[in-house]
Amino acid sequence: MEDRSDVGTTPAERAALAFETLRLPAHLTLERLVELVEGIRKRRIEIEITGVLNGGSICGLWLSTDTREIILHAETPSALHRQQFVLHELGHMVLRHDELVLPSAYASVLFPNLSGELVTRVLARSSFVDHLEAAAETLADLFAAAIRESTTEPRSFERIFG
């Protein structure tokens, strides 16, 4: 996938362009999307639930290594919340946010007990974190809509009103 993180575009525009570029199949499931992103990233994606993220402001975390992508997400009884956590992190992967540079000053404020280099390697976020998060969440919403629209099961509204 070509890098489309043009400076001067909004997070919504970057997300929409990335979504269009993927040319997703008509019938999309979370599992199929994970497979597609694995192909883009050329690494296996592992998804893990962790209690460490419960009760905090961060619900999901993406760790990228040379051999695999790891998505950690908070425990929740809601399948929709779990899916959104995963879709958000997949959004970061598709948008290639790991290729951006995190200023060491930002890293030291977020994680004072870790080296800036380690934080940059793990999080790979820039000083425009809000824009990155907005783009990843917008892309996650587009993924969720595509999954929802491709289901063969009628939605509640359709079951009731035809």
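In terms of accessible area, using a 1.4 Å probe and ignoring ligands and nucleic acids, PHE19, PHE143 rank largest first as PHE19, PHE143. Remark: spin-label model distance GLU13-GLU38 equals 3.5 nm, labels positioned 7 Å along the Cα→Cβ axis. When each of the peptides 88-94, 48-54 is scored by the mean number of other C-beta atoms lying within 10 Å of its residues, the order from highest to lowest reads 88-94, 48-54.
Can you tell me how much longer the chain between HIS131 and THR65 gets when fully stretched, taken as 0.36 nm per residue apart minus their C-alpha distance, in nm with one decimal?
Numbers: separation 66, 0.36 × 66 = 23.76 nm, distance 2.35 nm.
Gain in length upon complete extension: 21.4 nm.
Taking a cut-off of 15 Å, what percent of all Cα-Cα pairs in the stretch 8-91 are separated by more than that? Taking all Cα-Cα pairs of the stretch 8-91, the fraction more than 15 Å apart is 63 percent. Estimated at 0.36 nm per residue, the fully extended path between SER78 and ALA26 surpasses their Cα-Cα distance by 16.2 nm.
ASP66 contributes an accessible area of around 120 Å² to the protein surface, as traced by a 1.4 Å probe with all chains present.
So, for the stretch 15-68, what is the accessible surface per residue at a probe of 1.4 Å, expressed in square angstrom?
Working: 3320 Å² over 54 residues.
On a per-residue basis, the stretch 15-68 sits at 61 Å².
Among 70-78, 25-33, what's the highest-first ranking by average C-beta atoms within 10 angstrom per residue? Before the final figure, lay out each step's value.
Working: 70-78: 16.0, 25-33: 13.9.
The peptides rank, most packed first, as 70-78, 25-33.
Taking amide H as placed 1.01 Å from N in the peptide plane, the amide H of GLU69 sits under 5 Å from that of ARG44, ILE45, GLU46, each at least 5 places away or on another chain. On the stretch 1-93, 54 percent of the accessible area sits on carbon and sulfur atoms, based on a 1.4 Å probe.
Taking every protein chain into account, the 1.4 Å probe leaves THR65 with about 40 Å² of accessible area, to the nearest ten.
The values are calculated or read from the model by the stated rules, or taken from the named source; none is laboratory data. All values reported here derive from a predicted model rather than from experimental measurement. Quick reminder, even Gly has a Cβ in these numbers, built from the backbone with ideal geometry, and neighbours come from all protein chains shown. Ligands, DNA and RNA are excluded from the accessible area calculation, which covers all protein heavy atoms including side chains. Shrake-Rupley method; radii C 1.70, N 1.55, O 1.52, S 1.80 Å.
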